[in-house]
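Just so you know, all these numbers are worked out from the coordinates, no wet-lab data involved. In this text the structure is predicted, and so the values were computed from the model without any measurement. Cβ atoms come from the backbone with ideal geometry, glycine included; neighbour counts cover every protein chain shown.
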Amino acid sequence: MYPFKGGEKVMNKDMIEINDQTNKGEIKMKKMKRILKNEKGLTLIELLAVIVILAIVAAIAVPAISNIIAKQEDKAILANASMILSGAKLAAANGECGSEATLTCDEVTLLDYIESTDITDADNISASKTADIWTITYNELDGREWNIDAPTVGTGGTITEIELLDSMGN
């Protein structure tokens with residue numbers, strides 16, 4: 001391990017420095033082991049601090065998540081209303097909603113033109129067109145406390161095409 005010079009052991013400066021660093025490292029390691037050996041676990045105060053931090057995070061996150069869910073539910077209802085409107089326009093183009101002067105599409109007719117599992121015959125849907133403005137009736141629109149910013153949304157269970165487009169941001 002040691003280089004020889006003339007049959008004698010000679011240690012150079014680098015080897016001495018490495019040995020000193022190794023000894024210092026071993027001493028520090030022994031001190032750390034002693035300290036860690038005396039640690040028994042978390043104190044009550046540390047545990048309470050963690051619980052308080054988790055409670056604060058939960059208090060912030062839960063309302064934010066529930067608000068996001070409510071907004072998505074509202075957007076889904078407006079998307080369904082938009083599908084009803086599209087179905088009404090298709091039915092009207094096929095001449096199934098009455099004369100041009102008074103277009104009224106009932107639920108039975110509309111359900112044939114709507115491809116949705118969310119809208120059923122229990123939803124009391126209809127659509128009518130007066131003076132080039134479509135009005136959608138959809139019971140999911142009635143009595144809701146809306147969580148989205150919209151000029152007017154579904155008052156009395158009805159919504160006009162213009163209100164629908166404004167509410168959906170189009």
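Here are a few things to note about the model shown:
- Summed side-chain charge close to residue 131 - residues other than residue 131 whose Cβ falls under 14 Å, Lys, Arg +1, Asp, Glu -1: -2
- Loop GluC sites (Glu not before Pro), the stretch 98-137, which have at most 11 other Cβ atoms in a 10 Å radius of their Cβ (DSSP): 100, 115
- Within the stretch 69-110: Cβ-based charge dipole about Cα centre, in debye rounded to nearest 20 (Lys, Arg +1; Asp, Glu -1): 220
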